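Heads up, the thing below is written out as structure tokens.
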Amino acid sequence: MSTSKATAARVAPTKGGGRRKLSLPVVLLIIAGALALVSLVRLISGANDVTSVGQVAGALELAVPIGLAGLGGLWAERAGVVNIGLEGMMVLGTWFGAWAGFQWGPWVGVLFGILGGILGGLLHAVITVTFGVNHIVSGVAINILAVGVTRYLSNFAFDGIQGGSSKQSPRIDPIDKITIPGLSDWLQDLQQQHWFLISDIAGILGGLVTGLSLLTVVALLLIPATWWILWRTPFGLRLRSCGESPVAAETLGVNVYKYKYIAVTVSGGLAGLGGAFLAIVATGIYQEGQTGGRGYIGLAAMIFGNWMPGGMALGAGLFGFTDSLKLRGGAENVHAMLLLLAILLVIAVFWQLYRKKYVAAVISAAVSALLFTWYFLTDQVPSQFVDAAPYVTTLLVLSLSAQRLRMPKADGVPYRKGEGK
């Protein structure tokens, strides 16, 4: 038996206790049902911007940096290293990306943003892997250090330059955007007809072919690339073995320290890329504090996705979608989401009754009744709730999915070289 196959045999989870995987037809059926439900809510509420081309394009732009941070967290945790420092690595990515971007162009800025995140990742690897410091402590320290370092550097790099100050950079040239002529206009016209389901599908597809940044395309391609590398190559198998059972991996000849270092370095680079995206694509300028906790939200998206690239992407997309609702007809769109949540809870009630979880069913029914009452007695929601909607959604999704998660078995567990000998 080869090393790779032996490692797989030692670290693969047992088949009996895992949850059943959904087949492709079932997944497609769930997606179709979700689209039909959203379309129905749009028709009832009149919130036509919920699935418009602009809404989808905005949601995608907001989801990309969160998804890149989540992808970075996935790389690190699949190798057994908890990376709470994603926020700090994103901060480094925003600063280095903007610093290089306004001087030498946006793509050079992207490269420097990745390098800035890599520096944070390497520091986290040295502290946690080599010196064995608690992963949470190290991550928090990196987050604090990144804010202090970028604030200090800004005083020298941006202050006194036209358009810059100690808290922001000069404006950065934009990265080219892609719009497919003909198809984009046709889908936008179809979306504006506001037909049931057809217009919603047109709006979603139109958002994917209208004003799409080239860096967004790169970020989207990184999701299947990560899946292929980690789940379809011997390298990925060895890296994941370090997060499942590093002792077993070491006995089979895997250099655990090496793979942990690689994983955390890649993790930092992806988070740095997310930061560079914020500075160069999303805003076109570096501003102090512009990450806004997206590193933590990316970590939440990764957990929601059960440490898998596809699930993580769905989590990031969900947050990006709810966040973009407040930018286009915010109060009206979020008000429509109350109706959507109420209907979803009604579905949850029947599912819980089927599974004989009567207490959960009663609670879901009560919350659903409150949401229906709130929706039908009001025309819009308070502005404070609009701003909080993305974060409330994140907490709700995590709380509902927490019982079906399986983290890597050795994630965050201290490991010292030689334990497997």
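Things to note:
- Top-ranked residue of segment 185-244 - restricted to ones that are touching a residue at least 60 places away in the same chain (Cβ under 8 Å) and hydroxyl-bearing (Ser, Thr, Tyr), ranked as farthest from Leu270 (Cα to Cα): Ser199
- Segment 353-368, residues that are outside any loop (DSSP other than H, G, I, E, B), open to solvent by 40 Å² or more (accessible area, probe 1.4 Å) and either more than 26 Å from Ala47 (Cβ to Cβ) or free of Cβ contacts under 8 Å to residues at least 12 places away in the same chain (or both): Leu353, Tyr354, Tyr358, Val359, Val362, Ile363, Ala366
- Among (1) surrounded by 21 or more Cβ atoms within 10 Å (Cβ to Cβ); (2) at pLDDT 85 or above; (3) over 26 Å from Asp189 (Cβ atoms) - the single one Trp104 does not satisfy: (1)
- Candidates Val133, Val108, filtered to the one that is in a helix (DSSP H, G or I) and over 15 Å from Gln290 (Cα atoms): Val108
- Selection from segment 78-90 of residues that are open to solvent by 10 Å² or more (accessible area, probe 1.4 Å) and assigned to a helix (DSSP H, G or I): Arg78, Glu87
- Options Gly315, Gly295; residue that is crowded, with 19+ Cβ neighbours inside 10 Å, closer than 30 Å to Tyr152 by Cβ and not hydrophobic (A, V, I, L, M, F, W, C): Gly295
- Single match in Phe372, Phe350 (criterion: at pLDDT 85 or above and surrounded by fewer than 14 Cβ atoms within 10 Å (Cβ to Cβ)): Phe350
- In summary, Ala316 fulfils each of the numbered conditions (1) modelled with pLDDT under 90; (2) not in a loop (DSSP other than H, G, I, E, B) with the single exception of condition (1).
- Residue match in segment 129-146 (condition: closer than 15 Å to Gly101 by Cα, surrounded by 13 or more Cβ atoms within 10 Å (Cβ to Cβ) and touching a helix residue (DSSP H, G or I) at 6+ places or on another chain (Cβ under 8 Å)): no
Residue by residue, here is whether (1) under 26 Å from the mean Cα position of the chain (by Cα); (2) part of a loop (DSSP other than H, G, I, E, B) holds:
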residue	(1), (2)
Val129	yes, no
Gly139	yes, no
Ile172	yes, yes
Leu187	no, no
Leu190	no, no
Gln193	no, yes
Phe196	no, yes
Ile204	yes, no
Val217	yes, no
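- Filtered residues of segment 244-270 (kept if in contact with an Asp or Glu (Cβ under 8 Å, 6 or more places away or on another chain) and surrounded by 24 or more Cβ atoms within 10 Å (Cβ to Cβ)): Pro246, Val256
- Failed item in (1) among the hydrophobic types (A, V, I, L, M, F, W, C); (2) within 27 Å of the chain's Cα centre (by Cα); (3) loosely packed, with under 14 Cβ neighbours inside 10 Å, with Ile161 passing the rest: (2)
Residue-wise test of (1) open to solvent by 10 Å² or more (accessible area, probe 1.4 Å); (2) assigned to a helix (DSSP H, G or I); (3) aromatic (Phe, Trp, Tyr).
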position	(1), (2), (3)
Cys242	no, yes, no
Gly284	no, no, no
Ile303	yes, yes, no
Ser324	no, yes, no
Glu332	yes, yes, no
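- Residue within segment 303-317 that is of a type outside the set (Phe, Trp, Tyr) and farther than 30 Å from Val82 by Cα present: no
The values are calculated or read from the model by the stated rules, or taken from the named source; none is laboratory data. Small disclaimer: the values here were computed from a predicted structure and weren't measured. Glycine gets a Cβ as well: all are built from the backbone with ideal geometry, and neighbour counts include every protein chain shown. For accessibility, only protein heavy atoms count, side chains too; no ligands or nucleic acids. Shrake-Rupley method; radii C 1.70, N 1.55, O 1.52, S 1.80 Å.
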